[in-house]
Amino acid sequence: MSQLLSIKELKVSAEDKPLLHGVSLDIQSGSTHVLMGPNGAGKSTLGLTVMGSPEYTVTGGKIFFEGEDITDESAYERAKRGIFLSFQNPVEIPGITLSEFLRNSLEQISGKHMKLWDFKKKLKAAMEILNMDSSYADRDLNVGFSGGEKKKSEILQLLMLEPKLAILDETDSGLDVDAVKTVSQGINEYKSRTGGSLLIITHNTKILEALNVDRTHILAAGKITAQGGAELVDDVITNGFDRYISGE
């Protein structure tokens, strides 16, 4: 597999407070990676920094995507390259419907006009995979949505935009068992349809049961303290994070 994302000795601060301390991580095309760690470890910070959030300042290191340095690129430029981030707490955006948001995003990323009929056909198919009522397409983005509906909305965006790399930040948090299964189905559909790569940030391993995990990374206190295969997930479930935090 070819290299898709390469993070080299990344150091990140917010409001002059250091948060990441030399993180290195590589993701290959078509692979599924899991990022785990205790609360406050810097997992969401890493995801947001890769996406280009202006809240965070890169103070050292580099981020490469498909061999090109994107460290100083905006979130918009990274999205056009094919990087996607689902938010841990999706925001409500009054005044623009979910349908309008998706169609505009597709056209911005592709640089091409999309026929309304083709868009509606694609949207209908994606919503059916997630068991979403079609009426949600005409509602303002995430406004009045339950927590589970917001997470489904994020996965709907994933299915519609078909990025090369999807960073899923706690997509399964707050979901009941049935909702986790539905979200997992949507993620699997994305994988089978696009062959894209995943970086899944999670505490809840239920979402991983239906996925083939290639690589697991443990982040603690802003540093990668352990890396391995799917067996590392099982070890964390059984023994917790303590020894990865202490470095034993």
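Per-structure values
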quantity: Part-to-part distance (alpha-carbon centres) for the stretch 94-118 and the stretch 16-52, which is given in Å; calculated: 29 Å
quantity: Residues of the stretch 162-214: accessible area per residue with a 1.4 Å probe, Å²; calculated: 41 Å²
quantity: Extension gain, Glu128 back to His113 (0.36 nm per residue minus Cα-Cα distance, nm); calculated: 3.0 nm
quantity: Estimated FRET transfer efficiency when R0 is 22 angstrom, pair Lys80-Ser29 (beta carbons, to 0.05); calculated: 0.80
quantity: Positive minus negative residues near Val233 (Lys, Arg vs Asp, Glu; Cβ under 13 Å); calculated: -3
quantity: The stretch 54-153: relative contact order as a whole-number percent, Cα under 8 Å and 6+ apart; calculated: 31 percent
quantity: Under-5 Å amide H pairs with Leu198, H placed in peptide plane, nonlocal only; calculated: Ser31, Thr32, His33, Ala166
quantity: Spin-label pair Gln3/Glu55, simplified geometry with 7 Å Cα→Cβ offset, distance in nm; calculated: 2.9 nm
quantity: Rounded, prolate or oblate (a/c below 1.5 giving rounded, otherwise prolate when a/b exceeds b/c) for the stretch 29-75 by Cα gyration tensor; calculated: oblate
quantity: Relative contact order of the stretch 130-248, pairs being alpha-carbon contacts under 8 Å that are 6 or more residues apart, as %; calculated: 21 percent
quantity: Helix-only mean residue ellipticity at 222 nm for the chain, each DSSP H run of n ≥ 4 adding -39500 (n - 2.57), per residue, nearest 500; calculated: -11000 deg cm²/dmol
quantity: Under 17 Å from Lys152, Cα to Cα: lysines that are on another chain or at least 8 residues apart; calculated: Lys122, Lys124, Lys181, Lys191, Lys206
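The values are calculated or read from the model by the stated rules, or taken from the named source; none is laboratory data. Since this is a predicted model, take the numbers as computed values, not measurements. Every residue, glycine among them, receives a Cβ derived from its backbone with ideal geometry; neighbour counts consider all protein chains shown. These area figures cover heavy atoms from the full protein model, side chains too; ligands, DNA and RNA do not enter into them. Shrake-Rupley method; radii C 1.70, N 1.55, O 1.52, S 1.80 Å.
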